[in-house]
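Quick notes on the structure that follows.
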Amino acid sequence: MSIATLAPDYIRSIMAYQPGKPISELAREMGLLESSIVKLASNENPLGMSSHARDAAHAAIADMARYPDGGAFALKAALCRKFGVAADQLVVGNGSNDILELVSQAFLAPGLSAVYSQHAFAVYPLATNARGARGIEVPAKNFGHDLDAMAAAIEPQTRVVFIANPNNPTGTFVSGTALEAFLDAVPRHVLVVLDEAYTEYLAPEQRYDSIAWLARFPNLLVSRTFSKAYGLAGLRVGYGVTHASVADLMNRVRQPFNVSSVGLAAAEAALGDDEFIARSAEVNRRGMAQLTRAFAELGLEWIPSAGNFVTFKVGDAVGVNQALLRQGVIVRPIAAYGMPHWLRVSVGLPEENARFVAALKQALA
Ligand SMILES: *Cc1c(COP(=O)(O)O)cnc(C)c1O
């Protein structure tokens, strides 16, 4: 008998997260040069990172023998200045994935449940199942969150609702007005996790101030990341803003040194570089137009996206994906999200988008 059979059933039934294929792996598999590969699979910033963040990371490397500041004092101070919140409302995580895990550690257990949408970010069921809690998956409406149905799905045992806005992998967006109405409808025993990993990419008319809502909703947590628009996915830094009592619980269960000193320094510097974020959003806006124009020309269906990626329908997603990989182009199959006929592509630089479009034409021919 293997000791693995003694792990709880809810752990043994977990399916591991499937990340985008790394460039080095495809290079090995296909005998391609790494420099010839275009990776548009993980919603990374094609501009890289802000030069301020790179300088801060380099400077931090000089002192790697010391533990990081587990209280993240300097990064929290910068976040407090930017958002007008108090330091005790903040939780800093090893990526915002860590924030989602900390929520589940603090609030979920066997006998309790979490509500999330069909086609929503894969970490919600993972974090829920890892606690032995029950996941309630609510059918999507037009590939996006059906907030009325989600509110109706809440049961007395529900402790958490996860909402990604925009959602990954569908790119769907719900308005600030709809979210506020949802928060009004949700009972106060349920923590609403508003995952805003792509908020920096929203068009001006889509923007809403969820952090201002914290004053009215003590059961709200807003989660953000440095992995997407800030271009620091490799450093793993994210944060949650919430009520001080919620942050306190999450800070009790997190690892004392969950974010590296290089990550903390780079994130603090990145936060001050508004010009880089504006440029990233502009590159994304143009790239999104370039991609959707190509889908229209090819007669492909796509889901209008508010993020830095777009999901499109090809039918034989396995075959088309293989044909793209053979040409050195990595996108993301999303069968695990219940969308076996679709692929998700991240918006790249103009030349990367063009490489993808050319490869897609080949793949479909
Ligand atoms: C990418 C992503 C995250 C988190 O990524 P981290 O790198 O862990 O910060 C969170 N939520 C959604 C919806 C995402 O797409």
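The values are calculated or read from the model by the stated rules, or taken from the named source; none is laboratory data. As the structure is a prediction and not an experimental result, all values here were calculated from the model. Methodologically, a virtual Cβ is constructed for each residue, glycine included, from the backbone with ideal geometry; neighbour enumeration extends over all protein chains shown.
Some observations on this one:
- Residue match in segment 329-337 (condition: within 25 Å of residue 120 (Cα to Cα), in a helix (DSSP H, G or I) and either assigned by TED's automatic domain parsing to the domain that holds residue 175 or in contact (Cβ under 8 Å) with a residue 24 or more places away in the chain (or both)): yes
- Restricted to helices (runs of 4 or more DSSP H) entirely inside segment 15-124, those with at least 3 residues that are within 16 Å of the ligand (Cβ to nearest atom) are 96-107.
- Of 216, 207, 224, all but one fail to be more than 10 Å from the ligand (Cβ to nearest atom) and within 21 Å of residue 107 (Cβ to Cβ); the exception is 216.
- Only a single criterion out of (1) aliphatic (A, V, I, L, M); (2) within 16 Å of the ligand (Cβ to nearest atom); (3) over 30 Å from residue 33 (Cα atoms) is not satisfied by residue 334, namely (3).
- Count of residues meeting criterion [surrounded by fewer than 19 Cβ atoms within 10 Å (Cβ to Cβ) and more than 17 Å from the chain's Cα centre (by Cα)] in segment 328-351: 7
- Being outside any strand (DSSP E or B), within 22 Å of residue 240 (Cα to Cα), within 16 Å of the ligand (Cβ to nearest atom) and not aromatic (Phe, Trp, Tyr) is a property that does not hold for residue 194.
- Matching residues in segment 343-365 - criterion: being without any contact (Cβ under 8 Å) to a residue 40 or more places away in the chain and under 30 Å from residue 116 (Cβ atoms): 343
- Just one of the listed residues (287, 307, 315) is part of a helix (DSSP H, G or I) and not assigned by TED's automatic domain parsing to the domain that holds residue 83, and it is 287.
- Condition check for residue 278: under 13 Å from residue 45 (Cα atoms), within 14 Å of the ligand (Cβ to nearest atom), modelled with pLDDT of 95 or more and among the aliphatic types (A, V, I, L, M): no
- Taken together, the residues in segment 227-262 that are in a helix (DSSP H, G or I) and within 16 Å of the ligand (Cβ to nearest atom) amount to 5.
- Every condition in (1) of a type outside the set (A, V, I, L, M, F, W, C); (2) within 27 Å of residue 344 (Cβ to Cβ); (3) surrounded by fewer than 19 Cβ atoms within 10 Å (Cβ to Cβ); (4) away from the ligand (no atom under 16 Å from the Cβ) is met by residue 129 except one, and the failing one is (3).
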